[in-house]
1. Need one value for B:43-54: mean number of C-beta atoms belonging to other chains within 10 Å of its residues' C-beta atoms.
2. Quick check on the protein assembly as shown: helices-only [θ] at 222 nm, where DSSP H runs of length 4 and up contribute -39,500 (n - 2.57) each and the sum goes over total residues. Nearest 500, please.
3. Based on a Kirkwood Rh over C-alpha pairs, give the Stokes-Einstein translational diffusion coefficient of chain B at 20 °C and viscosity 1.002 mPa s in µm²/s.
4. Give me log10 I(q)/I(0) at q = 0.12, 0.13, 0.24 Å⁻¹ for the stretch A:220-297, Debye formula, one equal scatterer per alpha-carbon, no solvent.
5. Take the Cα pairs of the stretch B:111-183, get the Kirkwood Rh, then feed it into Stokes-Einstein at 37 °C and 0.692 mPa s and tell me D in µm²/s.
6. Which whole number in µm²/s is D for the stretch A:97-138 by Stokes-Einstein, with the Kirkwood Rh taken over Cα pairs at 10 °C and 1.306 mPa s?
7. Cα extents of the stretch B:76-126 along the three principal axes, largest first, in whole Å?
8. If you bin the C-alpha pair distances of the stretch A:135-312 every 10 Å from 0, what whole percents do you get?
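Coordinate-derived values only; no laboratory data. Not measured: the values here are computed from a predicted model. Methodologically, a virtual Cβ is constructed for each residue, glycine included, from the backbone with ideal geometry; neighbour enumeration extends over all protein chains shown.
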């Protein structure tokens, strides 16, 4: 298939309602014609995290507004589209369901193909949207809910080389920010505080660096920050400098761990795929400057090009879903009106799950 | 347009069911109802397409869709409302929200109180023809007797309510999908907001103190 494709992408798997329209002609760079993200930070403030029911309620009443917004700003009608792509998982099921049902209603009535997209595939394929990267390449998806090194071999072929065995790094950033009174969704707040901090003042652990492979752990690191705070009398008792030093030490530890494991993942990619030309980062944690620096250094040490999409395309967005939809569509994928929303959906389904089990199946 | 009136597709997934009906004025061209507690998200759109086909219609023939907005199962209500909003955008026709309790009352004589189970010893209540229409609300099952007296009752919890109030229990006059489509048809041409779920209950979440 060599035709130009224009897809609407819909994303509602966490606390951002997003839509975008992406157009691509083979052999040319992809174009984002319009994009919109309606965040929900204010709705969840004070609850200590994203409340699934609050998120689902907001998504259900905003998806159509978002889609209309991007169609209007792109100056396109539904007849100008070639398909509708929607996040069908993994994520908070109420929001995913709202998105999937909205997309089904729209696709069925507009006579457009429907393509369900794995949210993680959206992140993993973003380097192709932004930089036209060729398969295979290595990507680190690091966000509030996920952390894994994935060898991307094709639009629907993902090989997980390693991942977190407990928390995601973004989750650790959020918990540290909240603990230190920096507010919710605190990755950027931690980074800002760390700017005036001394990363050497607190000796925090680098979990799993003593082990081979590219699995990671962030739960113990988060606990170490909490413990260091308690020894100083608790979060209310520490001054701004100690807080900045703690943020700097925590951020440096996360960056060190991700950088070191990126080297291991690049080595593993060399063995598995005979080497990759590109190492890319995606997910909200890739927006952190210190993390980007260690990841970039790991890429440079391996002689590999380092690609980081712009921050707005690292965090949740509709463009990555539209793009992944175009990629899946070109690979022949079409979904029916019985498309299911999946709370858990490992990107690499050819390997045994490494995180979570039970009725819902593995998380990653 | 169908000879009997504008074509309206009504549907509802606010409880452990998936139902739909295609109406044209007084005529019911097709309808379907399945008792399913899970899998509504996979079932709804195929059911709508089957009902349209059975009624000899296409999506493009519709003048509007009517969608059940609850109160009921939060996720179930969102399944139908989100689909309805997608359909409305796709067709450029209105999606009209219809409450579950008014749909239960459709076609029944007034005065009437519709009672639906809300669990936790509570019910959703809406009164019809009993003075000021207050709309649907949440109340304790034990408060019904002083509130309603012996007025006729309908709805899934009418039996439990009747044991307390002594009111007569009326069976539904219409299948739910048909009732939703009929009420939507009556509202067609009036200024209607986009359909939104009627929760009547706040999300189950407690604010967390900072530093927790």
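1. Values: counts 2, 5, 12, 5, 1, 5, 2, 0, 0, 1, 0, 0.
If you average over the peptide's residues, the count of other-chain Cβ atoms is 3.
2. Details: 18 runs with 215 residues, N = 576.
Calculated at 222 nm, the ellipticity per residue is -11500 deg cm²/dmol.
3. 121 µm²/s
4. These q points yield log10 I(q)/I(0) values of -0.46, -0.52, -1.08.
5. Numbers: Rh = 12.4 Å.
Answer, rounded: 265 µm²/s.
6. Numbers: Rh = 12.2 Å.
The estimated diffusion coefficient comes to 130 µm²/s.
7. 39, 29, 10
8. Result, from short to long distances: 11, 40, 32, 14, 4, 0 percent.
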